[in-house]
Amino acid sequence: MSESKQPSKVLIVDPVSSGTLYPPILADAGVPVMLLDTGRALAAGLRSGSTPGALDFERDFGGDRERLLAHCVAQDVAYVIAGTESGIALVEYLQEAIPQCPANSAGESRKRWDKEFMFSALKENGVPCLRTQAIAPGTDLSEELISEHSASLPAVVKPSTGAGSVGVRMVKDSGELQAAVRSILGAPGFFGDSPSALVQELFPAPQIEYVVDTFSHDGVHEILGLSRYDKRLSAQGDFIYERIQWISPDGPPASEITRYAEDVLGALGVHVGPSHMEIMYNAHTGPRLIDFGARAHGAGHPLKTFKLTGVSQIHRECEYVAHKLRNTPLSTEGGSYSLPRDGAIIFFSLDEATRCVTQPDEDALRALPGVHEVMVNARAGEDYPATRSLLDSLDLGLVFLSARDGKQLDEYGEAVREKFSSFFA
């Protein structure tokens, strides 16, 4: 009797952040999972050690994509997922190279993970975007070059690759511009690479930032979550995340933002999988892309979306995978969402370097009105720097809460911040 063929597998590359949500959902659908760590996630600090049960790209395959590809084919991998930003480039290669694997537009993956190519693709496809200029690694930052870029100040300087707003600065004069560019070009990037420095037009006030969570398949782009960021600008020019709040998909400006998001997906050649994108919007300027990730939203956001709405891009993707690999039905109601209750994630931050003097009491935070989940990473006796990025906020912690309306949500959020601040000097 011939040995029966192994069931098709799903490979998750860098299963950190929201990537950890996939295995149990896929297991419930009877889909086996294989995990792979890469050194890029380790270099970025997205993981501090090996993922239990995971292969290692550098150790097991010598960092050779062809060897990994051969292993995936031998193991009957039929679908590939990026667990976090560090794995996107490798995932795109595998999706395109594995026979019959659902994939995005062939030969054009860089525009989905390198912002220099991303904004060029939007411009080439007629999608409104912010004027963006790239300064390549090794460029001599002469006075003439800085003067040329200073003509468009104030502006935003950001690395062409990265995550979590690390290295993103608003600059107001040529000195700040030069310092921001040097900080990007003069050190290894977030993933240990060498990104370009991008000088980008500053979106005009009022600057309201939205996040659109999508899942694409079979020529359809499904909108599975729409949120609004509340941010503030620090004294150093860093963008500090304070809150992300879910908003209804109905009515303005949601309809205009989601139509724009679909145009972005088309310009970037996205055919399959989850994406999340950050879009600035005001009624005068309209929507403009700020950042894009060809992966699911991080920080556990999809699971919170699921608790609020009953759907999420990860749950939808797992349903799609089971549909493709196990011939199960794909529901029609899973491709959209409604918001029966207001919800938000409160991100903690510090205006200046501060010591945590009392161990934060998660139970005390959890007992506050409206609180569903608490994640506290701060520890008593530790000194914490002034918050400069989303990753700094995550080092402190966050709280997920919901309320009957926006006013009550504000009240609950202020109570959470007040309680958290009491643990610091």
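The accessible surface of region 159-210, taken with every protein chain in place and a 1.4 Å probe, is 55 percent carbon and sulfur. Here the peptides 73-80, 407-414 are ranked by packing, the mean other Cβ count within 10 Å, and the order with the highest first is 73-80, 407-414. If R0 is taken as 25 Å, the Cβ-Cβ distance between Ala380 and Ala187 corresponds to a FRET efficiency of 0.20. Apply the a/c threshold of 1.5 to the C-alpha gyration tensor of region 1-80 and tell me whether it is rounded, prolate or oblate. Note, shape of region 1-80 comes out oblate.
Among 226-232, 44-50, 301-307, sorting by the average number of other beta carbon atoms lying within 10 angstrom of each residue, highest first, gives 301-307, 226-232, 44-50. Computed extension gain for Glu373 through Arg326, at 0.36 nm per residue and net of the alpha carbon distance, reaches 13.6 nm.
Using a 1.4 Å probe over the heavy atoms of the protein chains, calculate the carbon and sulfur portion of the accessible area of region 369-425 as a whole percent.
On the way: 1310 of 2680 Å².
Taking all protein chains in place, region 369-425 shows 49 percent carbon and sulfur surface.
With a Förster radius of 56 Å applied to the C-beta separation of Asp56 and Arg417, the computed FRET efficiency comes to 0.90.
Note on the chain: lysine pairs with Cα distance below 13 Å, sequence gap of 8 or more or different chains, count 4. Spin-label model, Ala74 to Lys172: label points 7 Å out along the Cα-to-beta-carbon direction sit 6.0 nm apart.
For region 104-244, the per residue solvent-accessible surface stands at 42 Å², with DNA, RNA and ligands left out and a 1.4 Å probe.
The values are calculated or read from the model by the stated rules, or taken from the named source; none is laboratory data. For clarity, every value in this text was computed on a predicted model and none was experimentally measured. Don't worry about glycine lacking a Cβ; one is built from the backbone with ideal geometry, like all the others, and counts go over all protein chains shown. Quick note on the areas: whole protein, heavy atoms, side chains included, nothing else; ligands and nucleic acids left out. Shrake-Rupley method; radii C 1.70, N 1.55, O 1.52, S 1.80 Å.
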